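There's a structure below that I have some questions on.
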Amino acid sequence: MDNAALLAKIEALEAAVALTKTINAEVFYWWCTALMVAIHAGFLAYEMGASRAKNALASGLKNLLAFAFLVPTFYFFGWWIYLAFPTGFTVSDAAAAGLPWSESMGPNLGDNASGIFWAAFTLFAATTASIMSGAVIERIRMSAFTILAILLGGFVWILGASWGWHPNGWLTSQWGLHDVGAAGCVHTIAGFFTLGVLINLGPRIGRFTSDGKVVHIAGHNMPMSLIGLMLIVMGFFGFLGGCIIYNGGTWMTIYNTPATLSAFAFNTLMGVAGGMIGAYVVTRDPFWMMSGALIGVISSAPGLDVYHPALAFLISFVGGLAIPKIADFILERLKIDDAVGAVAVHGFGGVWGLVAAGIFAAGYPNVEGPAVSFLGQFMSMLVFVVLGFVPGYLASYALKALGVLRVAPAAEIAGLDIAEVPVKAYPEATIPAYGTSVMSPAE
Amino acid sequence: MDNAALLAKIEALEAAVALTKTINAEVFYWWCTALMVAIHAGFLAYEMGASRAKNALASGLKNLLAFAFLVPTFYFFGWWIYLAFPTGFTVSDAAAAGLPWSESMGPNLGDNASGIFWAAFTLFAATTASIMSGAVIERIRMSAFTILAILLGGFVWILGASWGWHPNGWLTSQWGLHDVGAAGCVHTIAGFFTLGVLINLGPRIGRFTSDGKVVHIAGHNMPMSLIGLMLIVMGFFGFLGGCIIYNGGTWMTIYNTPATLSAFAFNTLMGVAGGMIGAYVVTRDPFWMMSGALIGVISSAPGLDVYHPALAFLISFVGGLAIPKIADFILERLKIDDAVGAVAVHGFGGVWGLVAAGIFAAGYPNVEGPAVSFLGQFMSMLVFVVLGFVPGYLASYALKALGVLRVAPAAEIAGLDIAEVPVKAYPEATIPAYGTSVMSPAE
Amino acid sequence: MDNAALLAKIEALEAAVALTKTINAEVFYWWCTALMVAIHAGFLAYEMGASRAKNALASGLKNLLAFAFLVPTFYFFGWWIYLAFPTGFTVSDAAAAGLPWSESMGPNLGDNASGIFWAAFTLFAATTASIMSGAVIERIRMSAFTILAILLGGFVWILGASWGWHPNGWLTSQWGLHDVGAAGCVHTIAGFFTLGVLINLGPRIGRFTSDGKVVHIAGHNMPMSLIGLMLIVMGFFGFLGGCIIYNGGTWMTIYNTPATLSAFAFNTLMGVAGGMIGAYVVTRDPFWMMSGALIGVISSAPGLDVYHPALAFLISFVGGLAIPKIADFILERLKIDDAVGAVAVHGFGGVWGLVAAGIFAAGYPNVEGPAVSFLGQFMSMLVFVVLGFVPGYLASYALKALGVLRVAPAAEIAGLDIAEVPVKAYPEATIPAYGTSVMSPAE
C-alpha cells in the first residue's frame, strides 16, 4: 500500500477516534444528568419527611415547581448568563452561543456538546434552587417560592458560576480561585441566598416561645427524609461527575487543570464518610448524620482533584463536627428558623470548603491567573456570600413588602396543604390530623 | 519502518477502535437497563401510594409479578416477535437470531450486542406492562393481571414495535412514521390496551353513586406516589437512552436517521418541564404535575431528535394542559374508573405525541419510506390505538366471561391485601383499618 | 508524507486509543460506584420498613454507621488486604500499592485506575456489611454493630475476595474456583458471619413463646421495604458491573477469562426473574418475592459469564423455591431469629450459587489453576462458610462476654429509638406508640 493510501487510512482513524471521544463525553454527561434527577427525588422525599404532615404536599409541590420552572428559565436565560459574564459585568462574545435562537441551542447534528452540557447545568440550577427549598417550608407561599427559586437557580448562582466556575472566570483569573466541585457558586450562594430569605420570611408560628425559647418542630416522617438524603448522595455522583470536564483525550477541571475521575472517587467517598462521622460524633442523630454526608461532600468539593484522601476525610470530618453547632447557633442565637439547616450545611459548608482549599491547596498552580492562595479563596468566598445574600434578602424583602411572601397565619396553622394543595397526603390516616393534632408541638 | 509494518499497525488500531465502539455501546445499554429498573421502583411506589392502604401490597405485588414474568416471556417470545414482523404478519428471516436456541441468545464471546439490546428491550416490555398496572388496582385478580401483563408486555407492544419502531417496520417504510421515543408502541398501545381492560373490569365498588356521580377515592400515601413518579422521571433517561442507537461511530434513531444525544437531552428536559407546568396550570395538584412530567416526555417523544427545545416545551405544555381534562372526561362522562389516569396520560399522551410530530416534523426525510407526514403519523396512531385496544378488550372479556378477572366483592371491600397477600402493609398502624375504616370514602 | 511522519501519526493515535480505553474504564466504575449507593438507599428503606416503628430509626442508623465507617476502614486497611493475601496468609509484593502512603492511594495524574477500583470495592465492602445489618435489628447495640460491620466489611470479606475473587487467588489457582459475581466472598461470607453473630445475639424478646413456638413479628412498613428492595435490584447493576474487568480492549472476568457484559445482562435479568418467580410460587408473599430477586442474582452470580440464560433462570428459580424453606428451618428448628432472612438469602444463596457452578460450569477452563469442578466449588464454598462464620461467632461472643452486644431488655421493649436515637421516626403519629402499642405482637 502506498503512503497516500496509508495516510487516508490514518486520517479515517483520526476522525473515528475524535468522534468516539465526542460521543463518550456526550454519554458521560447524559448519565450525570440522569443521576442528578435522583437529587430531586431525594430532596422531594427529604423535605416532605421534614415537614409536619399537614404541610407535606405543599413542601413537595415546591420541589416540583422549582424543577419545572428552572428548566425553561435556564434554557432562555441561564446558559446565556454563564457564557456572558466571566469577566464580571461585561458581556463576552461567547455569549451568542447561549441565545435561544443560536444554532447551538437546538438539535444540531454538528454539535454533540451544547445540549448535554446545558442539560447538566440545568440540573445544577435545579439543585441550587432545591437547597433553599427545604429551609422555607411550612410558611412560604408557593408563588413567592417559585419566584425566588427562579431568581436563585436561573440567575444568581449562574452569575457566580460564570465568575468562579468557568475557565476564564475573573475570580480565578484575578484571584486564583480553585473550587472544582462548585462549593462556592452552588452551595455558598444558595446557603446565603436562603439566609437572606429567612430573615424576611420569619420563623414558623410556634417555633419560639414568647420569651424566645426554641420549640422543637419535628418533621412527620424521618425515615422518608433519610432515604431521600441517601438518594441525594447517589445523585452527587452525577453532580460531581458533571464538575469534571471530558472534552478531549483526558479529564480536566473546569479551570483546565488536569485531573482524574479516580481522585474524585477517592475524595468524594472519603468526604462523605468524614462528614457523616463528624456529625454523628456531635449529634448521634441520623438526620444530622445524613446532613453530614452533604457537609462532607461540600467541604472537600473545592479540592477533589488535589486532596489526599486522608486529608479530604479530615476536612470533611471537621465540617461534620462544626456545622451542626453552627445550625444551633443560627437557630438559638440568631432566632432564624431554618427548617432543615440549609444555611449551615450548604452556606457554611461552602464557606469552610472554600477556605479549607486556601489552607490545604495553597500554591497549586492555575492555568489562568495566580496560584491558589488563602487570600484568593477567602475573598472569593466573600464574593459568593454577598452574591447570594443580597439578592435573596432584597427579593424576599420586596415580596414581603407586597404582602405575598408568606401564607396567612390561619393557613399556616391549619396546614399549607389545605390552603395550597387540592389533594391530601394521607387521606385515610389519623396522622395528619388537620388542625386538631395534639402531638404536633408547635401549634 | 516499511509500509507493510505501518499497515499492520494501522490495522491493529482499526481493530482496537472498532472494539472500543462495540464495548461503548454495550456499556451504554447496560446503564440504560439499570436506570430503567428505577422506573420499576418508581411504579411500585407510585401505585402502592395511589391505593387505599387496604390494597397497598396487592397493588405492589402486581408490579413485581409483571416484572418477574415479563423477563422470561420476553426472552422466549418477545425478542423473536420483534425481529420477525417488521413487514406486518409474515416472518422475517432475521427472526432466527431471536430464537432461544440461537447463538445470539446466549453467552457468546463474539456477540457483544444481542444480550444488552435484549436486556434494554426487556425493561421496555416491563415498563409497558406497568403502564396498565396502575389503572386496574384495587379490584383486579392477581392471576388475571399477570396474564394480561404478559400479553401486553410480551406480545402486543412488541408487535407494534416491530411495525413502527424498527429500521424496517412497515409503518415507517409505507407511511413514513417517525416516533423515535416510542410514544406509539409503548405508550399508545399500553394506554388503549388498558382502556380495553377497564371496560370489562368495571369501576371499583363505590366509585360512582347509584345515580352515576363520581366519588373521589384517594390513595393512602400521596408522598410515596410523588417520590415514585420522580424515580420514573430518572428512569426515563434510561428509557430514552435506550431509544437511540449507538452501534457505529455515532448516534442514529431507530430508523437509521442521524441524531444526537444532546438533542435528546434538550428535549427530554424541556418536555418534562412543559408537561409539568401545563398540568400545574390546570390542576394545581402535585400528583397531576408529576403525571404531567410523564405526559411531557410522551408528548415530545416522537420528535426528540428534530424538535427545537422551545417547540418541545410547547408541545408538552399543551399535552400537560389538555390531558388532565381528558382524564376527567373518561371518568365523568365515560364512567371508566382508571385509578391513576393511565389511559389519558399514556394513551392520549401517545396519540398527541404522534399527531404533533405529524404537524411539526412533517417533511422530515426517512431513510426507509416516505417523509414524515400528518397523514402517516395519524394513520400510524390509529394502528397503535387498535393494536392496543383490541387485544386488551378481548382478553379481559374472555377472563371476565370465565369469572376470573375480578376479585369477589367481599374481598374488594375487605381489601385485596387480606384476600391475596399473606402479609400486612402496616401491621402496627391504625391506618389500614382493614374493613373498619371510617375515612376510606368508597366502601 | 514520509514513513517517519506516518509513524508519528500512528503513534499519536495509539496513545489516544490507549487513553480512551483508560478513561472508559474509569467512567464505567464511576457509574458502578454511583449505582451501588442505590443499594444503600435500598437497604436503608428495606431495614427501616422491616423494623417495628419503635426501632425504625435505630435500624436505619446502623446502615448509616456501616457506610460511614467502612469507607475509611477500607481505605486504610481493606484495599491493602485485598492486594496482600491472594496466596493465603503470606503478604504479596503487590500489596505495597495498597498502603495509604503509596502513590496509588492518592490523586495521581498518572493513575486513572486505583481510585476508581478502590471506590467500587469500597461499595462492595459496605454492601457486605449491610447484609448483616438487617438480620440483627431491634436488639443489637449500635457500637457493637459498628464493630462487627467494620470487621466483616473491612477485613473478613476482603480476605475472602483476595483468596477467591482475584486473578491469582489461591482458591482459583489451587481449586479452580469460578465465582465471577462474588457469591462467595460477599454473600456466603456475609451470610455465615451473620449466622455466627445471631447465635450469640439471640432472638428478639417475644420472638418465641416460652414453649418455643414462633411469634410473628412484622415490620411496620412493608411498602417501604419493597421499594428498598427494588432499589437494591437497580444497584445490583452497579455491583455486577463492578464484577467485570474492563482494563484493556475488552471484558474479562476477575479471573482474566474472557466475558461479555451482554452475557451478564442476559443472566442478571433471567436470574432476578427466576428467583422472584420461585419465591412467589412457595410463598405468594411480596417480601419474599423481592428477597427472591436477591436470591436469583446470588444463585446465578458465579456463572454470569458462561450460563445460558434459560439455565440461569432455572438455577435461580430453584434458589427462589428452596431458600424461603431454609429461612423457615433456621427460624423454626434452629430457633435463630434472623429478622429479614439474611442468612438464608445471602448465606445459602451463596452456597447454592457456588455449588450450582460446580454442577453446570464444570470443565470450564481457568487461566490460573485447574478447570472448574464440583469439588473445587464445593471446597471453596466451605472455605467461605468457615471464613465467614468463625470471625462472626468469635467477635460477637467476645462482645457478648463483655456485655456490650445487646441493648438492655427495658430498652428493647421500649424501642431502640428511645434508647439510642435522639429524634423520633414519626413524631405526629399514633403509629409508633412507644411502649404502649397493642398491635405490636411481640412485646
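The values are calculated or read from the model by the stated rules, or taken from the named source; none is laboratory data. Just so you know, these numbers come straight off a predicted model, no measurement behind them. We place every Cβ from the backbone using ideal geometry, glycine too, and count neighbours over all the protein chains shown. Heads up: the accessible areas ignore ligands, DNA and RNA and are worked out on the full protein's heavy atoms, side chains in. Shrake-Rupley method; radii C 1.70, N 1.55, O 1.52, S 1.80 Å.
Restricting attention to segment B:390-407, report how many residues are open to solvent by 60 Å² or more (accessible area, probe 1.4 Å) and of a type outside the set (Lys, Arg).
6
I need a count of the residues in segment B:283-336 that are in a loop (DSSP other than H, G, I, E, B) and out of contact with any helix residue (DSSP H, G or I) (no Cβ under 7 Å at 6 or more places or on another chain).
Narrowing segment B:283-336 to residues in a loop (DSSP other than H, G, I, E, B): B:284-285, B:304-308, B:333-336.
Add one more test, that the residue is out of contact with any helix residue (DSSP H, G or I) (no Cβ under 7 Å at 6 or more places or on another chain), and what stays is B:284-285, B:306, B:308, B:333-335.
Residues flagged as in a loop (DSSP other than H, G, I, E, B) and out of contact with any helix residue (DSSP H, G or I) (no Cβ under 7 Å at 6 or more places or on another chain) within segment B:283-336 amount to 7.
Here are B:VAL37, B:VAL27: which of them is free of Cβ contacts under 8 Å to residues at least 40 places away in the same chain and either among the hydrophobic types (A, V, I, L, M, F, W, C) or open to solvent by less than 10 Å² (accessible area, probe 1.4 Å) (or both)?
On the way: B:VAL37 fails: free of Cβ contacts under 8 Å to residues at least 40 places away in the same chain.
Of the residues listed, the single one that is free of Cβ contacts under 8 Å to residues at least 40 places away in the same chain and either among the hydrophobic types (A, V, I, L, M, F, W, C) or open to solvent by less than 10 Å² (accessible area, probe 1.4 Å) (or both) is B:VAL27.
Now for a separate question. Quick check on C:PHE77: is it assigned to a helix (DSSP H, G or I), among the aromatic types (Phe, Trp, Tyr) and open to solvent by 10 Å² or more (accessible area, probe 1.4 Å)?
Details: assigned to a helix (DSSP H, G or I): yes; among the aromatic types (Phe, Trp, Tyr): yes; open to solvent by 10 Å² or more (accessible area, probe 1.4 Å): yes.
So C:PHE77 fits the description; yes.
Just one of C:MET270, C:MET290, C:MET276 is out of contact with any Ser or Thr (no Cβ under 8 Å at 6 or more places or on another chain) and of a type in the set (A, V, I, L, M); which is it? Reasoning before the result, please.
On the way: C:MET270 fails: out of contact with any Ser or Thr (no Cβ under 8 Å at 6 or more places or on another chain); C:MET290 fails: out of contact with any Ser or Thr (no Cβ under 8 Å at 6 or more places or on another chain).
None of the other options fit; the residue is C:MET276.
Run down B:LEU83, B:LEU70 and say which single residue is open to solvent by 10 Å² or more (accessible area, probe 1.4 Å) and either in contact with a Leu (Cβ under 9 Å, 6 or more places away or on another chain) or in a helix (DSSP H, G or I) (or both).
Values: B:LEU70 fails: open to solvent by 10 Å² or more (accessible area, probe 1.4 Å).
Matching residue, one of B:LEU83, B:LEU70: B:LEU83.
Evaluate segment B:90-112: report whether one residue or more is open to solvent by less than 10 Å² (accessible area, probe 1.4 Å), touching a residue at least 60 places away in the same chain (Cβ under 8 Å) and either under 15 Å from the mean Cα position of the chain (by Cα) or more than 21 Å from B:LEU177 (Cβ to Cβ) (or both).
Scanning segment B:90-112, I find no residue that is open to solvent by less than 10 Å² (accessible area, probe 1.4 Å), touching a residue at least 60 places away in the same chain (Cβ under 8 Å) and either under 15 Å from the mean Cα position of the chain (by Cα) or more than 21 Å from B:LEU177 (Cβ to Cβ) (or both), so the answer is no.
Please go through segment B:238-250 and pick out each residue that is more than 11 Å from chain A (Cβ to nearest Cβ), touching a residue at least 40 places away in the same chain (Cβ under 8 Å) and touching a strand residue (DSSP E or B) at 6+ places or on another chain (Cβ under 6 Å). Write out each step before concluding.
So the first thing to find is which residues in segment B:238-250 are more than 11 Å from chain A (Cβ to nearest Cβ), and the list is B:242-243, B:245, B:247.
Of the ones still in play, those that are also touching a residue at least 40 places away in the same chain (Cβ under 8 Å) are B:242-243, B:247.
The answer is none; no residue qualifies.
Could you check segment A:116-143 and list, in sequence order, the residues that are surrounded by fewer than 24 Cβ atoms within 10 Å (Cβ to Cβ) and more than 14 Å from chain B (Cβ to nearest Cβ)?
Hit for segment A:116-143 is A:ARG139, nothing else.
Take the residues in segment C:306-315 that are closer than 10 Å to C:ASN267 by Cα and open to solvent by less than 10 Å² (accessible area, probe 1.4 Å); name whichever of them is farthest from the other protein chains (Cβ to nearest Cβ).
The initial filter retains those residues of segment C:306-315 that are closer than 10 Å to C:ASN267 by Cα, namely C:306-313.
Retained after the next criterion (residues that are open to solvent by less than 10 Å² (accessible area, probe 1.4 Å)): C:307, C:309, C:312.
Working: C:TYR307: 7, C:PRO309: 6, C:ALA312: 10 Å.
Among those that are closer than 10 Å to C:ASN267 by Cα and open to solvent by less than 10 Å² (accessible area, probe 1.4 Å), it is C:ALA312.
Another one. Please go through segment B:333-375 and give me each residue that is without any contact (Cβ under 8 Å) to a residue 12 or more places away in the chain and either open to solvent by less than 60 Å² (accessible area, probe 1.4 Å) or under 13 Å from B:TRP175 (Cβ atoms) (or both), ordered by number.
Just the residues of segment B:333-375 that are without any contact (Cβ under 8 Å) to a residue 12 or more places away in the chain, to begin with: B:333-334, B:363.
Selection gives B:GLY363 alone.
Yes/no per residue for (1) open to solvent by less than 10 Å² (accessible area, probe 1.4 Å); (2) closer than 27 Å to B:VAL385 by Cα; (3) facing chain A (nearest Cβ under 8 Å); (4) part of a loop (DSSP other than H, G, I, E, B):
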position	(1), (2), (3), (4)
B:ALA218	no, no, yes, yes
B:MET224	no, no, no, no
B:MET252	no, yes, no, no
B:ASN256	no, yes, no, yes
B:PHE266	yes, no, yes, no
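Please enumerate the residues belonging to segment C:195-208 that are open to solvent by 40 Å² or more (accessible area, probe 1.4 Å) and either farther than 11 Å from C:LYS335 by Cα or within 14 Å of another protein chain (Cβ to nearest Cβ) (or both).
C:ILE205
Then there's this: Could you tell me whether C:ALA273 is at the interface with another protein chain (Cβ under 7 Å from one of its Cβ atoms) and touching a residue at least 12 places away in the same chain (Cβ under 8 Å)? Let's see the steps before the verdict.
On the way: at the interface with another protein chain (Cβ under 7 Å from one of its Cβ atoms): yes; touching a residue at least 12 places away in the same chain (Cβ under 8 Å): yes.
For C:ALA273, the condition - at the interface with another protein chain (Cβ under 7 Å from one of its Cβ atoms) and touching a residue at least 12 places away in the same chain (Cβ under 8 Å) - is met.
Right, another one. At the interface with another protein chain (Cβ under 10 Å from one of its Cβ atoms) and either closer than 30 Å to C:TRP288 by Cα or modelled with pLDDT of 95 or more (or both) - does that describe any residue in segment C:76-97? Please lay out each step first, then the result.
Looking only at segment C:76-97, we keep the residues that are at the interface with another protein chain (Cβ under 10 Å from one of its Cβ atoms), and these are C:76.
If we keep only those that are either closer than 30 Å to C:TRP288 by Cα or modelled with pLDDT of 95 or more (or both) as well, we get C:76.
Yes, the conditions are met somewhere in segment C:76-97.
Do we have any residue at all in segment A:25-36 that's facing chain B (nearest Cβ under 9 Å), of a type in the set (Gly, Ala, Ser), assigned to a helix (DSSP H, G or I) and over 29 Å from A:ARG406 (Cβ atoms)?
yes
Can I ask one more? Would you pick out the residues in segment A:337-368 that are among the small types (Gly, Ala, Ser), more than 30 Å from A:VAL215 (Cβ to Cβ) and assigned to a loop (DSSP other than H, G, I, E, B)? Walk me through it before giving the result.
Narrowing segment A:337-368 to residues among the small types (Gly, Ala, Ser): A:339, A:341-342, A:344, A:347, A:349-350, A:353, A:356-358, A:361-363.
Now restrict to residues that are more than 30 Å from A:VAL215 (Cβ to Cβ): A:353, A:356-358, A:361-363.
If the condition is that a residue be among the small types (Gly, Ala, Ser), more than 30 Å from A:VAL215 (Cβ to Cβ) and assigned to a loop (DSSP other than H, G, I, E, B), then A:ALA361, A:ALA362, A:GLY363 are the ones that fit.
For A:LEU171, are the conditions met, namely being among the aliphatic types (A, V, I, L, M), under 20 Å from A:TRP288 (Cα atoms), open to solvent by less than 20 Å² (accessible area, probe 1.4 Å) and in a helix (DSSP H, G or I)? Give the derivation first.
Details: among the aliphatic types (A, V, I, L, M): yes; under 20 Å from A:TRP288 (Cα atoms): no; open to solvent by less than 20 Å² (accessible area, probe 1.4 Å): yes; in a helix (DSSP H, G or I): yes.
Here the answer is no, as A:LEU171 does not meet what is asked.
Here is a further query. What pairs come up if the first residue lies in segment A:201-224 and is farther than 30 Å from C:SER59 by Cα, the second is assigned to a loop (DSSP other than H, G, I, E, B) and acidic (Asp, Glu), and their beta carbons are under 8 Å apart, counting only those six or more places apart or on different chains?
That search, which allows pairs on different chains as well, returns A:GLY202/A:ASP337; A:PRO203/A:ASP337; A:ARG204/A:GLU138; A:ARG204/A:ASP337; A:ILE205/A:GLU443; A:GLY206/A:GLU443; A:PHE208/A:ASP337.
Would you mind finding the one in B:VAL180, B:VAL197 that is over 23 Å from B:VAL71 (Cα atoms) and among the hydrophobic types (A, V, I, L, M, F, W, C)? Explain how you work it out, then say what you get.
On the way: B:VAL197 fails: over 23 Å from B:VAL71 (Cα atoms).
Unique residue meeting the criteria: B:VAL180.
When you go through A:LYS62, A:LYS54 one by one, which is the residue that is under 30 Å from C:ALA41 (Cβ atoms), in contact with a Pro (Cβ under 9 Å, 6 or more places away or on another chain), crowded, with 17+ Cβ neighbours inside 10 Å and not acidic (Asp, Glu)? Spell out the reasoning first.
Details: A:LYS62 fails: in contact with a Pro (Cβ under 9 Å, 6 or more places away or on another chain).
None of the other options fit; the residue is A:LYS54.
Report every pair of residues separated by at least 6 positions or lying on different chains whose Cβ atoms are under 6 Å apart, first residue within segment B:1-17 and at the interface with another protein chain (Cβ under 7 Å from one of its Cβ atoms), second small (Gly, Ala, Ser) and assigned to a helix (DSSP H, G or I).
Listed by first residue and then by second, the contacts come to B:VAL17/A:ALA16.
Tally time: how many residues in segment A:376-385 are open to solvent by 20 Å² or more (accessible area, probe 1.4 Å) and either in contact (Cβ under 8 Å) with a residue 60 or more places away in the chain or within 19 Å of A:VAL306 (Cα to Cα) (or both)?
Of the residues in segment A:376-385, the ones open to solvent by 20 Å² or more (accessible area, probe 1.4 Å) are A:378-379, A:382-383, A:385.
Now drop any that are not either in contact (Cβ under 8 Å) with a residue 60 or more places away in the chain or within 19 Å of A:VAL306 (Cα to Cα) (or both), which leaves A:378-379, A:383, A:385.
Final tally of qualifying residues: 4.
Out of the residues in segment A:280-295 that are at the interface with chain C (Cβ under 9 Å from one of its Cβ atoms) and open to solvent by less than 10 Å² (accessible area, probe 1.4 Å), which is farthest from the chain's Cα centre (by Cα)?
A:PRO286
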